[in-house]
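Read the figures in this text as sums done on the coordinates, not as results from a lab. Since this is a predicted model, take the numbers as computed values, not measurements. A quick note on method: Cβ atoms are made from the backbone with ideal geometry, for glycine too, and the neighbour counts reach across all protein chains shown.
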């Protein structure tokens, strides 16, 4: 969907500052949420990241074949970040639906003392009836705010996946016997332990609006 410059400016200059004011009134933290998929096969990783991992050749008139080491594996992950360097993540299997999203939200909210204002995209699973019911049951401890559908680059959490795929799963082929879920978990855990790295995502020009106001 085409981007709307006027809508983007309204979101940056009006919508987000309003979320900040509301969060301050609620003594809440603001997090940005997103999900992504990871695949262990080299060509798929190259397609997802736009990076070519290797090259091959073939004789004239012969279609070259690139072999894929190991077995194909796929895994999904969700994360939430804030401008103070906070980082939460979870690994899960399969496509995201409303029930799965609620389960992830429960994990994220467990043990939290302060309310959370969560900024995320308008994926149908995020707006399912069971999600609305869960948010209502939290009685103000969790509030969802939806980004415009035509501007995914406004989400700082997108940069988490860009960094992870650029430096981890897409760059280093999976070793024999290695589980993709373990590798992704280890890499995200490393990012979670580096608040300076998380804060750096918020300095990117496209999401600078989301840094501390």
Starting from the Cα of residue 137, step 7 Å along the direction of its Cβ; do the same at residue 112; then give the gap between the two resulting points in nm. 1.6 nm
Order of 154, 144 from fewest to most other C-beta atoms within 10 Å? 144, 154
Return the Rg/Rh ratio of the range 85-209 with Cα-based radii and a Kirkwood Rh. 0.97
From the Cα trace of the range 118-162, what convex hull volume per residue do you get, rounded to a whole Å³? 81 Å³
Using 7 Å Cα-to-Cβ label points, what is the residue 22/residue 197 separation (nm, one decimal)? 3.2 nm
Residue order, fewest to most beta carbons within 10 Å, for 138, 108: 138, 108
